[in-house]
Amino acid sequence: MSTKRRRDYYDEDDNNDEEYENDAVFANGGKSLKVEVDLSLLEALEKSQSQNKNAVEVVDLKTLKKLVLSFERKLKDNIEARLKYPNQPDRFADSEIDLHDDLHKLSILAGAPELYPDLVNLNAIPSILNLLAHDNTDIAVDVVQLLQDLTDPDVFEDDEESDEPARVLVDALVENNVLELLVQNLQRLNDSDPDEMAAVYSTLTTVENLVEVKPAVAEMVCERTKLLKWLLGKIKVREFDSNKQYASEILAILLQNSAANQRRVGQMNGVDVVLQAVAMYKSKDPKSLDEEEMVENLFDCLCCLLMPLENKERFVKAEGVELMIIIMKQKKSAYSSAIRALDFAMTKYPPACERFVDVLGLKTAFAAFMGKIPVNKKNKKERYQEEGSRRERLLSKFVENECEKIDRLMELYMRYSDRVKTETERLNHLELDDLEMDEEEKYNRKLESGLYTLQLIAVILGHIWCSEHPYMRARIELLLKQQKLTNKDVKDILQEYHDNIGDLDGPEEKERAQAKIQKFISAF
């Protein structure tokens, strides 16, 4: 049917009572006059009104001053009404509706971030932030939404000059206790209320926005507030929801670049809390993509927490090594994340390595190394083996099944060696094309192409070679010969690794690491 519907007729004596939608009836000398109505014109009118309603108002300094002045008046009216009629909500309800409207109007400033310094200079920030403690949580929720809009990263451009207004605003917010007020308000919000649940999400978004503009906020918010306690409490809840997911993400952001926060969470029993959270997925997979992302966030938190030495100790005491091995054996989606966590836990921490060997982690690790995900076998119990030293038990894994692990190691060696060779040839061609590239940049490019993995494989070969086990040495030499390689090729990889060991962990650690690699080079 055409959207343009026409009904034209004049009828003096028709007694038909049928009514038609969109007809206009006029009285005209006793006659009922039904006139044509063009629905396309009505649609155009509605569209025009909608566009006018959504039209973007030009925001300049004059507009800003009007908005702030109106807001301050509405705030004053609300304060006076509440003081005058504290026990009669109906007497101050209108003033709160007006205040609500003016807070929404201020969000238009997000379209003109260049005016943020003027907003600060007009001293509106303290008045806005004080409303986070307003008795009416709806008003506090309005403020949270306003702060989220004003600090949204999409508002700012990438260049330094465009970021300056954002920094001015964030500095003013922090100086006026935005972090403390946001977290205090967060603690009184109820997740069972849809509006307040949305406000929780907006609060976390605002914290993330503040950290993005001013990275120092990551440590400030943990020093000055109880946000970490709230986040840990949130991820302990068994039921999954969007705010639990976001809490895990914010916790990961706060931990990723801050040793102080990592230690602080460790002291709050955070390692055990995160382990309990990931343990929920030891024998089941997440049910949605959002839940899957949350599990990844939780493992990111765990890996960050395992940076300080004292947290590695807490991880071992909380039986984190055993939990990661269980997760690997269950062959669920968290399999690779558990391997990553173990890597962080055992790096430069021998007690974790010893525990890993003692609880039969080698069997699970080598299954992963060989590309085999272990299959569960019911009613099969394993006992911890006590025979032999841990090192002997590790090396014996490379001998079993006719040295299949060494075969796999050499397979990986050749794969990454070919990748590095291809990248080296590409870089040499670039130099021929007069594109300048210093040695450091070339080395970094090769690392990205797989050189670092190749170096680690060479280090493992060095450990095996230094065991002086004749069978394993013979196997390595045979495999090298089959690929038309010699011990010198492995030595060259080790030498390059030796020469580029940095002193990030101090000169003593650098010297110790280089001495170990030099031992492998000499042995080859």
- [ ] Leaving ligands, DNA and RNA out of it, report the carbon-plus-sulfur percent of the accessible area of the range 233-282 at a 1.4 Å probe.
- [x] 43 percent
Task: Residue-count net charge about G266 - beta-carbon cut-off 14 Å; Lys, Arg +1, Asp, Glu -1 - done: +3
Open item on the list: If you wrap a convex hull around the alpha carbons of the range 241-369, what volume per residue comes out, as a whole number of Å³?
Closed with: 95 Å³
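Select from the range 427-513 those chymotrypsin sites (Phe, Trp or Tyr not before Pro) which occupy a DSSP coil region and have at most 13 other Cβ atoms within 10 Å, ordered by residue number. Walk me through the numbers before you get to the answer.
Numbers: sites: Y443, Y452, W465, Y471, Y497; in loops: none.
Counting only loop positions with at most 13 other Cβ atoms within 10 Å, none of the chymotrypsin sites (Phe, Trp or Tyr not before Pro) in the range 427-513 qualifies.
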Open item on the list: Please list, ordered by chain and number, the residues whose modelled amide H lies under 5 Å from the amide H of K332; skip anything fewer than 5 residues away on the same chain.
Closed with: none
- [ ] In whole Å, largest first, what are the principal axis extents of the Cα atoms in the range 94-150?
- [x] 32, 19, 19
Task: Accessible surface of the range 138-202 [probe 1.4 Å, protein heavy atoms]: carbon and sulfur percent - done: 40 percent
Open item on the list: For a quick size check, give me the Cα extents of the range 427-524 along its three principal axes, largest first, whole Å.
Closed with: 49, 38, 18
Open item on the list: Once you place label points 7 Å from the Cα toward the Cβ at E496 and S192, how far apart are they in nm?
Closed with: 6.3 nm
Open item on the list: Quick check on my link table: of K421/K481; K312/K363; K62/K105; K421/K484; K348/K484; K397/K488, which ones sit more than 24 Å apart, alpha carbon to alpha carbon?
Closed with: K348/K484; K397/K488
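Of all alpha-carbon pairs in the range 179-312, indicate the percentage at a distance above 21 angstrom. It would help to have the intermediate numbers written out before the result.
Numbers: 3372 of 8911 pairs.
Summing the P(r) tail past 21 Å for the range 179-312 gives 38 percent.
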Open item on the list: If Rh is defined by the Kirkwood formula over all Cα pairs and Rg also comes from Cα, what ratio Rg/Rh do you get for the range 140-252?
Closed with: 0.96
Open item on the list: Test of the criteria: in the range 132-199, which GluC sites (Glu not before Pro) are in a DSSP loop and have at most 14 other Cβ atoms within 10 angstrom of their Cβ?
Closed with: E157
Task: the range 436-524, accessible surface, carbon-and-sulfur percent (1.4 angstrom probe) - done: 48 percent
Task: Using θ = phi - 60° and Karplus 6.51 cos²θ - 1.76 cosθ + 1.60, couplings along the range 321-326 (whole Hz; Gly, Pro as x) - done: 4, 4, 5, 5, 5, 4
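The values are calculated or read from the model by the stated rules, or taken from the named source; none is laboratory data. Computed from a prediction, not measured in an experiment: that's the story for all the values here. Using ideal geometry, Cβ is built from the backbone for each residue, glycine included, and neighbour counts are taken over all protein chains shown. Note: areas computed on protein heavy atoms with side chains; ligands, DNA, RNA excluded. Shrake-Rupley method; radii C 1.70, N 1.55, O 1.52, S 1.80 Å.
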